[in-house]
1. Can you tell me the 0 to 90 degree angle between the C-alpha axis of helix B:85-106 and the longest principal axis of chain B, rounded to 10?
2. So how tilted is helix B:505-514 from the main axis of chain B? Cα-based, degrees 0 to 90, rounded to 10.
3. Run the simple label-point estimate for residue B:628 and residue A:44 please: 7 Å along Cα→C-beta, distance reported in nm.
4. What percent does the relative contact order of chain B come to when contacts are Cα pairs within less than 8 Å and at least six residues apart?
5. Let me confirm one metric for peptide B:306-315, namely the mean number of other chain beta-carbon atoms within 10 Å of its residues' beta-carbons.
6. What FRET efficiency comes out for residue B:13 versus residue A:36 if R0 is 30 angstrom and r is the Cβ-Cβ distance? Round to the nearest 0.05.
7. Tilt of helix B:116-133 relative to the longest C-alpha principal axis of chain B, in degrees (0 to 90, nearest 10)?
8. So, R0 is 30 Å and r is the distance between the beta-carbons of residue B:595 and residue B:440; what FRET efficiency does that work out to, to 0.05?
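FYI, it's all coordinate maths here, none of it is from the lab. Predicted model, so just to flag it, every value in this text is computed and none were measured. So basically every Cβ, Gly included, is an ideal-geometry build from the backbone, and we count neighbours across all protein chains shown.
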């Protein structure tokens, strides 16, 4: 239903008035991803390091018999990790055929966001390339960066 | 009415390809022996099914083409048209077109292709006879057409010893052996249901011994508008006919009593008309052998495999608990689970096995076309096509084999005139063999052609700057031939479109090695060349040696481990900045795994073990801290995102639930 969200980051087109996102923290900033892509939110499982892999690959985990690669967005976006160790989570996404997890400092909540509250990004952000972002979501005075997962994991 | 057929598309494509493979195979048989009725019948059957399937799926162009093809085939069958090279070539062209259409559909097309060129050819082949005979055959639908060609055919039952014993037994008990031909109305929508009702009605008081087509085909509705049954009955024919005719859309065409004394086992003398045709069928067992099969999506099998893998993993965990708790009852249960999960694993493995026939079947056609193009005369022989391999291996092995066969035809086997000069038979022989040995499958491609000249190879390699002149002189015959596998090597004097397009044997070698296999070549100048491929039976489960470096655990495939040994720091010598040890008088280069894998933590023990591994023909030693043991592991892929990390072949889920990585010796250092 929200295929347009994934493929078109210039002008997000949402068919419904409201959509749900999972909000989480990376460093000091708040991010969000569409809940449709979220498969699982987990405490930190034993992560197995992959030697000689890209810097932002944290390793792999066993999620119910499936091997899931874990991406460290902190290193990818040059962010500092923050928060308590026990708040850290792994969010596992499924985008098309690709299953992948990211390390986050804290999962805040699930929110309903109105489509009018998402602004397309034209400004340049220091840490994240614009092409990885679908827009900035506003929710009760908070600003959340809506990530384009497909672009990030390309 | 338009039905949504998309859900059947996969099955349609799969089955069409199967039929097409079969068609190609049988047409080759027919080309070799124009009187091969069994092959012709098989072609006819497959073409007919293909036609039915494609028109059901709404691919009209495909249906139309097969329909015209069938017209010609009918004439072959009736003997009104001679099987000759022109018509066979035309039909081969049709197969190619069908293949194109199917491929087009597979890639999302609508299957619409203009086939009028081929249809014109087919019609002119056919009209050649229409003129001579002065009778045209009006084809208005499946039913009429089939009736015309088969109405007077005797049912072609084939009897085994066992069947005959049953029939004789029935005869001695004064039961009647009846031969029934039932006809289903041509416009019947539920042929299979009608057939089923006939079965039901007969089985009330009689027994069905055989059916033609087989029970499964009947069940799936894969038959023309009639079918034959062999029945043992005590009821008189009239009441049986009456009972059957009460089923709607069913007509009894004939019901005759068979004299058991006159029957013989198939393959014997054709004393009885009923058996004479079966005699022709001996070559194609497929027609008579009824095997119950289920078509399963490969993903489901993979899923099953994963689940079994997990079961094995948790069994491992249970074993650990059993070892610490030392409870007799628990351990007994664990042993049972161990046995069952072992059996389960081997059953699942077997399910994934496919006969290599699937790959081999497309080759005879290719060899025929190529040798015709190149004006070479080649006998192509295939051995061991029943050899089974894991599905994943089967899918990958086709291209490398095509490459080797093309090479053999293009560069290996000489032109007939040349062969005569060397006092060889004018017809070259190309052998393709597969056999199963231990945990491996061996595939050989052998030709009796010109062979490989080591000197020419060396010269070529020097010319291309791949090796130096002095290096070339030092090479043995075997080493020179190995040069063939170096990237950028191609000895064809002339670039043909068959091979020598810059894609060399190195690609073949890479592919085979990616499958954990090996390839060797043996060649005698003037006598021929033999490529030998060794492949693992499966890629999914392997034996591995578990080792640890610092706090990390890795698995090394046992197939690449030669031996292990314990050493101390003092054993290590330096030669040209390379750490080595002496192992039974040989110098063995050493690599520290912790360094290769950039393990961040510090060493925890002073123990040093060396795992001697083999890559190609070279041995090296990997220094690790401890050997954990040998284990059967279920390989899992790391997925798209992590594909191509050097030194890592995949992952496993260990007994404790952690992910462990499998080292890939070929790319590790």
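1. The helix B:85-106 is inclined about 60 degrees to chain B.
2. Its long axis makes an angle of about 80 degrees.
3. Placing both labels 7 Å along Cα→Cβ, they lie 2.1 nm apart.
4. Relative contact order here is 8 percent.
5. Per residue, the number of nearby Cβ atoms from other chains is 1 on average.
6. FRET efficiency, residue B:13 to residue A:36: 0.45.
7. Long axis of B:116-133 versus the principal axis of chain B: about 40 degrees.
8. Once the sixth-power term is evaluated, E becomes 0.35.
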